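Visitor: My questions will all concern the structure given below.
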Amino acid sequence: MADHALPDPALGRQAGARSAHPGRGRGPAWTNLLIYTSTFFIKEPHSPTIAAWHQDSTYYGLEPKEEITVWIALTEADEDAGCMEALSFRGEPRQLRHASRVVEHSVNRASQMIVEPLDEANPVAMPLAAGWFSMHHGLCPRPQ
């Protein structure tokens with residue numbers, strides 16, 4: 001059991017009103033959305049649970065790979081708390097090779113990770129305040 005309180009239920013409603021890019025997400029292009037799946041990844045402080053470098057598109061199995069993933073921070077997700085990180089493709093995004101059942105203490109059931117060379121030298125931190133959200137392409141390499 002967590003030693004911290006659950007967030008205010010209104011945070012989900014607030015997430016739609018708070019964005020790092022005010023004004024985006026409005027208009028006709030956003031009126032026909034499909035929520036394909038939803039998952040809660042709960043990572044308690046000091047937990048050994050990790051996520052290795054992966055691409056969400058690996059789990060979805062959709063073609064073409066044009067999906068986005070939305071993360072909503074239910075609690076503060078700053079760099080000290082181990083916020084999400086991402087890598088740039090520095091070129092055309094593509095599906096990278098992954099292996100299953102290779103990550104001990106993986107937060108995802110498939111325990112997958114990218115198994116081809118990956119430049120992990122300059123990840124970009126994506127801190128979020130509670131109730132804020134981020135959106136990233138399913139081909140974006142990231143460890144969370």
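Visitor: Looking only at residues that are without any contact (Cβ under 8 Å) to a residue 60 or more places away in the chain and acidic (Asp, Glu) in segment 107-144, which one is surrounded by the fewest Cβ atoms within 10 Å (Cβ to Cβ)?
Guide: Glu116
Visitor: Among what's in segment 69-86 and is touching a strand residue (DSSP E or B) at 6+ places or on another chain (Cβ under 7 Å) and exposed (fewer than 14 other Cβ atoms within 10 Å of the Cβ), pick the residue that is nearest to Pro141 (Cα to Cα).
Guide: Val70
Visitor: Moving on to the next point. Return a yes/no flag: does segment 32-51 have any residue that is modelled with pLDDT of 85 or more, closer than 18 Å to Arg142 by Cα and either of a type in the set (Lys, Arg) or in contact with a Phe, Trp or Tyr (Cβ under 6 Å, 6 or more places away or on another chain) (or both).
Guide: no
Visitor: Based on what the data block shows, is Ala52 under 22 Å from Ser111 (Cβ atoms) and in a loop (DSSP other than H, G, I, E, B)?
Guide: yes
Visitor: Among the residues of segment 105-139, what is the count of those that are modelled with pLDDT of 90 or more, closer than 12 Å to Trp53 by Cα and out of contact with any helix residue (DSSP H, G or I) (no Cβ under 9 Å at 6 or more places or on another chain)?
Guide: Within segment 105-139, residues that are modelled with pLDDT of 90 or more, closer than 12 Å to Trp53 by Cα and out of contact with any helix residue (DSSP H, G or I) (no Cβ under 9 Å at 6 or more places or on another chain) number 5.
Visitor: Name the one entry in Ser88, Ser100, Ser106, Ser111 that is among the polar types (S, T, N, Q) and on the phi > 0 side of the Ramachandran plot.
Guide: Going through Ser88, Ser100, Ser106, Ser111 in turn, just one is among the polar types (S, T, N, Q) and on the phi > 0 side of the Ramachandran plot: Ser111.
Visitor: Looking for something aromatic (Phe, Trp, Tyr), in a loop (DSSP other than H, G, I, E, B) and buried (at least 16 other Cβ atoms within 10 Å of the Cβ) - is there at least one such residue anywhere in segment 87-106?
Guide: Among the residues of segment 87-106, not one is aromatic (Phe, Trp, Tyr), in a loop (DSSP other than H, G, I, E, B) and buried (at least 16 other Cβ atoms within 10 Å of the Cβ), which makes the answer no.
The values are calculated or read from the model by the stated rules, or taken from the named source; none is laboratory data. Predicted model, so just to flag it, every value in this text is computed and none were measured. In this analysis, Cβ positions are derived from the backbone assuming ideal geometry, glycine residues included, and neighbour counts consider all displayed protein chains.
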